[in-house]
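The values are calculated or read from the model by the stated rules, or taken from the named source; none is laboratory data. Keep in mind it's a predicted model, so treat the numbers as computed, not measured. Positions of Cβ are backbone-derived with ideal geometry, glycine not excepted, and every protein chain shown enters the neighbour counts. Heads up: the accessible areas ignore ligands, DNA and RNA and are worked out on the full protein's heavy atoms, side chains in. Shrake-Rupley method; radii C 1.70, N 1.55, O 1.52, S 1.80 Å.
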Amino acid sequence: MTLPIVDEIEQLSHLELVALVKALIIENQQLRAELENLRKPPASSGNSSLPPSRDQKRNIKGKRRKKHGPRFGHQRAIRPLVDDPDQVIEATVQRCEHCQTGLEGVASEKILRHQITELPPIKPIVIETRQHQVICPECHGVNRGVLPEELKRKGDFGPRLGAVAIYLRHQQHISYQRLRQVMEEIFGVSLSEGGIDGLMREAAVAAQAVAEEIKKQVVTSDIIGSDETSVRVKGRNWWEWVLVSASGVLHAIRSSRSAAVIEELMGNNRVSCWVSDCFSAQLKAPAENFQLCLAHQLRDLERLIELCPGFGWALQMQKLFRSAIHLRNRFESLTIDGLVKQAMRMEKRLDQLLGEQLIGKDAIRLQRRFIKHRNRLFTFLHYPDPLGVEAEFARKPGEARTGQR
């Protein structure tokens, strides 16, 4: 609607004024909603399910005054000398640098030892295999010489070179283009992207048996923690499912985000407890009990606190969840009676917080989620396994074995 000039407002009819006011009210409501969204703190990995890679880095005001190097009082680390070095260079004294007297026959008063660790010159070696083929004069059968096991492969690259390329690609996440550059500039090996891809495919086939064994161990575990995240496959959006247990980690990339993926991976197996967020597909997993991931809930509560600083209900819920985790971590130092009493006290406090009357759509939405999943919030406090459900999330990176993709 085109707004009239201020001087022309008095000339408008009653119906025109009513239409103008309605239009201005609608526009005002839209602008208020946009302003409210702009005032909200940005979502980050600390207050939502966004990955850390999506976080916006803040500008640092002023110069950083952090001192480089070891902290004050840090004990100096000295590399111990090797008893059997690969190369020894003797720097003997032939003549006095002060008076030019010959010192060839004078015994050394002291030998100052210093060792330098160095990489050997990296130069690829080319191994040519020559299989001799002989025809038996008796039966006319064709016989060929037997190659060493590690050289029976049909590719153009040896197992050590392939292992280095696979390590740099999958462990250090170097792209094909940069991997070509590394292999050329450091190792002196010309390797095309097609050659790299061939090495990756060969490794995938060789690793499949191990991956299947890891999958078997994971899906037959008593407790499984699961999550899923988006991943790009040939220009399309797929999903990477992750199943974590005490015996390993299973990665499975599928085109679907439905519960059918969990059904496919788990087969006929059923676990005692499934730990996940409240995504409906995860809650359809074959499990006797469910535990809602409290890390997700703590981030959502943090988001609510940022929207409403000092919001008592959210702060108390955060404190309760963290206290419950701390209680479970002290399992071995408590008696069963002591653990049960404190757990029941926390259950009662949870019911009190869920029964409070809240205002604000964000707070009400989060409270309704907790009420809906009430029986999945503190499962780990009553779990009979001494390691507990929280053990699936207490593992440090690298401690679990990785599975198939």
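Once each part is reduced to its C-alpha centroid, what is the distance from the range 75-149 to the range 209-285 in angstrom?
49
In degrees, nearest 10, range 0 to 90: what is the angle between the Cα axis of helix 294-307 and the longest Cα principal axis of the chain?
50
Quick one: which residues, 5+ away or cross-chain, put their amide H under 5 Å from the amide H of Leu377? H built at 1.01 Å from N.
For Leu377, the qualifying residues are Leu292.
Would you list, by chain and number, the aspartates and glutamates whose Cα falls below 18 Å from the Cα of Lys234, excluding same-chain residues fewer than 8 positions away?
Excluding near neighbours in sequence, the set is Glu193, Asp197.
Going by average Cβ density within 10 Å per residue, which order do the peptides 241-248, 187-194 take, highest to lowest?
241-248, 187-194
Can you work out the Karplus-derived ³J(HN,Hα) for every residue in the range 95-107? Use 6.51 cos²θ - 1.76 cosθ + 1.60 with θ = phi - 60°, whole Hz, and x for glycine or proline.
My calculation for the range 95-107 gives 8, 5, 6, 9, 10, 6, 6, x, 10, 4, x, 7, 5 Hz in order.
How much of the DSSP beta bridge set in the chain is antiparallel, as a percent to the nearest 5?
So the antiparallel bridges amount to about 70 percent of the total.
Rounded to the nearest 500 deg cm²/dmol, what is the calculated helix-only ellipticity per residue at 222 nm for the chain, with -39500 (n - 2.57) per DSSP H run of length n ≥ 4?
After summing the helix terms and dividing by residue count, I get -11500 deg cm²/dmol.
Starting from a Cα-only point model with no solvent, please compute log10 I(q)/I(0) by Debye for the range 244-305 at q = 0.20, 0.27 1/Å.
-0.89, -1.28
Using each residue's phi in the range 5-19, evaluate 6.51 cos²θ - 1.76 cosθ + 1.60 at θ = phi - 60° and report the 3J(HN,Hα) Karplus result to the nearest Hz, with x for Gly and Pro.
Using θ = phi - 60°, the values come out as 5, 3, 5, 8, 4, 5, 8, 6, 7, 4, 5, 5, 5, 4, 5 Hz.
Hey, how many Å between the Cα centroid of the range 1-40 and the Cα centroid of the range 329-356?
55
Candidates (1) 25.5, 86; (2) 33.8, 121; (3) 23.0, 72; which is the computed Rg and Dmax of the Cα atoms in Å?
Matching entry in (1) 25.5, 86; (2) 33.8, 121; (3) 23.0, 72: (2).
Between Asn289 and residues 5 or more places away or on another chain, which pairs have amide H atoms under 5 Å apart, with H built 1.01 Å from N, and which residues are they?
Here Cys273, Trp274 satisfy the definition.
Once you have the Cα-Cα distance between Glu27 and Gln177, take 0.36 nm times their residue separation minus that, and quote the gain in nm to one decimal.
48.8 nm
Amide H to amide H, which residues 5 or more places from Asp222 or on other chains are under 5 Å from it, using H placed in the peptide plane?
none
Under a no-solvent Debye model with one identical scatterer per Cα of the range 115-253, what's log10 I(q)/I(0) at q = 0.10, 0.20 Å⁻¹?
Debye curve over Cα of the range 115-253, log10 I(q)/I(0) at q = 0.10, 0.20 Å⁻¹: -0.58, -1.24.
Label points 7 Å out from Cα along the Cβ direction at Lys361 and Ala203: separation in nm?
4.9
How would you rank 91-100, 13-22, highest first, on the average number of other Cβ atoms within 10 Å across their residues?
13-22, 91-100
Give, as ranges by residue number, the residues of the range 107-138 whose backbone N falls under 11 Å from the point 7 Å along Cα→Cβ of Ala91.
Answer for this model: 112-115.
Find the accessible area per residue for the range 105-255; the probe is 1.4 Å, ligands and nucleic acids are left out, and the unit is Å².
Accessible area per residue, the range 105-255: 75 Å².
Is the shape of the range 317-372 rounded, prolate or oblate, going by the alpha carbon gyration tensor and its root eigenvalues a ≥ b ≥ c, with a/c under 1.5 for rounded and a/b larger than b/c for prolate?
Prolate.
Rounded to the nearest 10 degrees, what's the angle between the helix 193-219 long axis and the longest principal axis of the chain, both from Cα atoms, 0 to 90?
Tilt relative to the chain: about 70 degrees.
Which residue fluctuates most in the GNM of the chain (Cα springs below 10 Å): Ile371, Ile224, Ile25?
Of the options given, Ile25 has the highest mean-square fluctuation.
Using a 1.4 Å probe on the protein chains only, how many percent of the accessible area of the chain belongs to carbon and sulfur?
Carbon and sulfur atoms account for 53 percent of the accessible area of the chain.
Mind jotting down a quarter of the surface of the convex hull over the alpha carbons of the range 219-337, in square nanometres, one decimal?
10.2
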